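This report concerns only the one structure given below.
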Amino acid sequence: MRRLSCLIALLACLVLALPAFAAPQKADAISGISSEKVLDIVKANKGKLVFINFFATWCPPCREEIPELISIRKAYPADKVVIVGISLDSDRGKLESFAEAMNFNYPVYLAEPDVPALFGISSIPFNLLYDKTGKLVAGGPGMVGKEDLEEAFSGLLN
């Protein structure tokens, strides 16, 4: 009986520990994120690659890049790669509608005012890639192609 209780407790812990990063983004779950919380995400995911995509719903290159990021999210296990979207929109309602239409499979947040300055965001899309130690290894403005990102992920994972 004690063994069964331990097994049930272990299964409950595993279910609770499943990462939300693989679940589609729920529009009503979008919350604001400060620069401190962005850095906390990187710290909390040491041992994984962390890719952060800064975008806006009104940005044509961003809208082109996001489906590729959704595709890449499907190709890499959540215990190896974390993808996070951070919107620089000012209208939460537009972002929620956009998130519902895009069916994100990674978490999306609304940037608080301190975020663009801390990360030096001058144009979007703007992407950051952190290695498994939490070190920033690539970043800057402009779209990242799916093939380039897959090549970077493969190189950093091996």
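For this structure, a couple of remarks:
- Solvent-accessible area, 1.4 Å probe, carbon plus sulfur percent, for segment 61-158: 50 percent
- Full extension of the chain between residue 156 and residue 79 gives 26.3 nm of extra length, using 0.36 nm per residue less the Cα-Cα distance.
- For segment 36-157, the solvent-accessible area with a 1.4 angstrom probe is 48 square angstrom per residue.
- In segment 36-157, the C-alpha radius of gyration followed by the widest Cα-Cα span (Dmax) gives 13.4, 38 angstrom.
- Spatial separation of Cα centroids for segment 109-147 and segment 34-68, in angstrom: 6 Å
- Candidate lysines for bridging to residue 135, where Cα separation is under 22 Å - those fewer than 8 sequence places away on the same chain excluded: 37, 43, 46, 48, 80, 146
- Protection proxy ranking of 33-39, 126-132 - average other beta-carbon atoms within 10 Å, highest first: 126-132, 33-39
- Per-residue HN-Hα couplings for segment 133-146 [Karplus 6.51, -1.76, 1.60; θ = phi - 60°; Hz; x = Gly/Pro]: 8, x, 8, 5, 10, 7, x, x, x, x, 5, 10, x, 4
- For residue 40, net neighbour charge (Lys/Arg +1, Asp/Glu -1) across residues whose Cβ lies under 15 Å away: +1
- Here segment 35-72 is scanned for amide nitrogen atoms under 14 Å from the site 7 Å beyond the Cα of residue 147 along Cα-to-Cβ, giving none.
- Estimated FRET transfer efficiency when R0 is 22 angstrom, pair residue 94-residue 34 (beta carbons, to 0.05): 0.60
The values are calculated or read from the model by the stated rules, or taken from the named source; none is laboratory data. Keep in mind the model is a prediction, meaning the values are calculated, not measured. All Cβ positions, glycine included, derive from the backbone under ideal geometry; neighbour counts span all protein chains shown. The protein model used for the area step is the full one, side chains on, heavy atoms only, and it has no ligands, DNA or RNA in it. Shrake-Rupley method; radii C 1.70, N 1.55, O 1.52, S 1.80 Å.
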